[in-house]
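The values are calculated or read from the model by the stated rules, or taken from the named source; none is laboratory data. This structure is a prediction, so every number in the text was calculated from the model and none was measured. With ideal geometry, Cβ positions are generated from the backbone for all residues, glycine too; neighbour counts draw on all protein chains shown. We work out accessible area using only protein heavy atoms, side chains counted, and drop any ligands, DNA or RNA first. Shrake-Rupley method; radii C 1.70, N 1.55, O 1.52, S 1.80 Å.
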Amino acid sequence: MDMGIKGRKAIVCASSKGLGKGCALALAGEGVELVISARGAEALEATAEEIRKETGAKVTAIACDVTTPEGRAKLLAACPNPDILVNNAGGPPPGDFRDWSLDDWNKAINDNMLTPIELIKATVDGMISRKFGRIVNITSASVKSPIPILGMSNGARAGLTGFVAGLSRQIVKHNVTINNLLPGPFETDRVRKTAEGAAKQAGKSIDEVLDSRRQQNPAGRFGTIEEFGVACAYFCSSHSGFVTGQNLVMDGGAYNGTL
Ligand code: NAP
């Protein structure tokens, strides 16, 4: 199926690896011109080259920290009028809320709530004036089903979700939509890293811990970044203008609920 976005321009934040990379690859496969970003320049340039080779798309790599005003300014300078914005950044650390300072909370809220809101603010009016815009926020299944040790993630991402729920309904008449993708466990570096601590504690290998987690999921596996990218491409497509303010849980069925 043709997603109808060939020639559109996209900013895909935090996309040298993992879920952001999955989104970048899928959009490039649809003929979208990309600005991709990450802090680490080497991995970012390697990903840009991989996407160019695989899809033939034009890819500009901007090494920057998207959670800073300077980083966002660099992204917007490289793509001042994006048709598509995919918001993403690293997630807050796990822990006990009794140990978190106000600074810890401010960082989580800055990175996972205010950073996407700032980028939406900088791009949405242009999208409205051009009568096309697609914004996708990568959040987490923890918005729907909170994860106890990820309290800052639960809180900051729920804040973004609430804001977007209101704004998305105000702008959809201009063919500008905002939707959220809520990943459960996907095969990415982050999931491997979070398994390291559990493996040490249990005296097991990381692969043993990951295998047991895969088996605990109703699908018997983790998701792939390619599956994630296809869902993102749908939300960014010309066909999705009647779908806004939605939260798509992608977790292999781990969330146990009728709705
Ligand atoms: P990942 O594999 O670790 O990849 C993260 C990507 O984001 C890398 O390219 C990283 O590059 C970049 N990045 C991180 N912080 C950045 C920043 N401040 N500015 C610019 N780029 C940044 O992570 P992932 O698994 O794809 O996770 C992406 C998001 O989804 C996170 O917020 C995570 O909490 C959330 N999530 C993931 C899962 C999952 O199963 N994977 C589940 C639920 C939620 P640099 O480090 O070089 O900057």
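Which ones in segment 51-72 are in a loop (DSSP other than H, G, I, E, B) and within 11 Å of the ligand (Cβ to nearest atom)?
Once the filter is applied, which keeps residues that are in a loop (DSSP other than H, G, I, E, B) and within 11 Å of the ligand (Cβ to nearest atom), segment 51-72 yields 64, 65, 66, 67, 68.
Does any residue in segment 218-229 that is open to solvent by 70 Å² or more (accessible area, probe 1.4 Å) come within less than 7 Å, Cβ to Cβ, of a residue that is assigned to a helix (DSSP H, G or I) six or more places away or on a different chain, and which pairs are these?
221/214; 226/22
So which of 124, 172 is open to solvent by 40 Å² or more (accessible area, probe 1.4 Å), away from the ligand (no atom under 16 Å from the Cβ) and in contact (Cβ under 8 Å) with a residue 40 or more places away in the chain?
172
Can you spot a residue in segment 200-212 that is outside any helix (DSSP H, G or I) and touching a residue at least 60 places away in the same chain (Cβ under 8 Å)?
No, there is no match, as no residue in segment 200-212 is outside any helix (DSSP H, G or I) and touching a residue at least 60 places away in the same chain (Cβ under 8 Å).
Open to solvent by less than 40 Å² (accessible area, probe 1.4 Å) and either more than 16 Å from the ligand (Cβ to nearest atom) or on the phi > 0 side of the Ramachandran plot (or both), is that true of residue 232?
Against the criterion (open to solvent by less than 40 Å² (accessible area, probe 1.4 Å) and either more than 16 Å from the ligand (Cβ to nearest atom) or on the phi > 0 side of the Ramachandran plot (or both)), residue 232 does not qualify.
Kindly indicate the residue of segment 129-152 that is among the polar types (S, T, N, Q) and part of a helix (DSSP H, G or I) and also most open to solvent (accessible area, probe 1.4 Å) among those meeting that condition.
As a first pass, look at segment 129-152 and keep what is among the polar types (S, T, N, Q): 129, 137, 139-140, 142, 145.
Adding the requirement that they be part of a helix (DSSP H, G or I) leaves 129, 142.
Values: 129: 90, 142: 2 Å².
By that ranking, first place goes to 129.
Scan segment 89-113 for residues that are assigned to a loop (DSSP other than H, G, I, E, B) and within 16 Å of the ligand (Cβ to nearest atom) and report the count.
Going through segment 89-113 one residue at a time, the tally reaches 7.
Could you tell me which of the residues 151, 95 is at positive phi and assigned by the TED database to the domain that holds residue 11?
Being at positive phi and assigned by the TED database to the domain that holds residue 11 holds for just one of 151, 95, which is 95.
Could you list, in sequence order, the residues of segment 77-88 that are more than 14 Å from the ligand (Cβ to nearest atom) and open to solvent by 30 Å² or more (accessible area, probe 1.4 Å)?
Across segment 77-88, the qualifying residues are 77, 80, 81.
Could you list, in sequence order, all residues of segment 1-11 that are away from the ligand (no atom under 12 Å from the Cβ), modelled with pLDDT of 95 or more and either surrounded by fewer than 19 Cβ atoms within 10 Å (Cβ to Cβ) or part of a strand (DSSP E or B) (or both)?
2, 4, 6, 7, 9, 10
Can you name every residue in segment 17-47 that is without any contact (Cβ under 8 Å) to a residue 60 or more places away in the chain and surrounded by fewer than 24 Cβ atoms within 10 Å (Cβ to Cβ)?
Narrowing segment 17-47 to residues without any contact (Cβ under 8 Å) to a residue 60 or more places away in the chain: 28, 31, 33-47.
Result: 31, 33, 39, 40, 41, 42, 43, 44, 45, 46, 47.
Please specify each residue of segment 12-50 satisfying the condition of being of a type in the set (Asp, Glu) and near the ligand (Cβ under 9 Å from one of its atoms).
Narrowing segment 12-50 to residues of a type in the set (Asp, Glu): 30, 33, 42, 45, 49-50.
Correct list: 42 only.
Given 16, 37, which one is touching a Cys at 6+ places or on another chain (Cβ under 6 Å), outside any helix (DSSP H, G or I) and of a type in the set (Ser, Thr, Tyr)?
So the residue among 16, 37 that is touching a Cys at 6+ places or on another chain (Cβ under 6 Å), outside any helix (DSSP H, G or I) and of a type in the set (Ser, Thr, Tyr) is 37.
Does residue 192 satisfy the criteria of being open to solvent by 50 Å² or more (accessible area, probe 1.4 Å), within 11 Å of the ligand (Cβ to nearest atom), free of Cβ contacts under 8 Å to residues at least 60 places away in the same chain and assigned to a helix (DSSP H, G or I)?
For residue 192, the condition - open to solvent by 50 Å² or more (accessible area, probe 1.4 Å), within 11 Å of the ligand (Cβ to nearest atom), free of Cβ contacts under 8 Å to residues at least 60 places away in the same chain and assigned to a helix (DSSP H, G or I) - is met.
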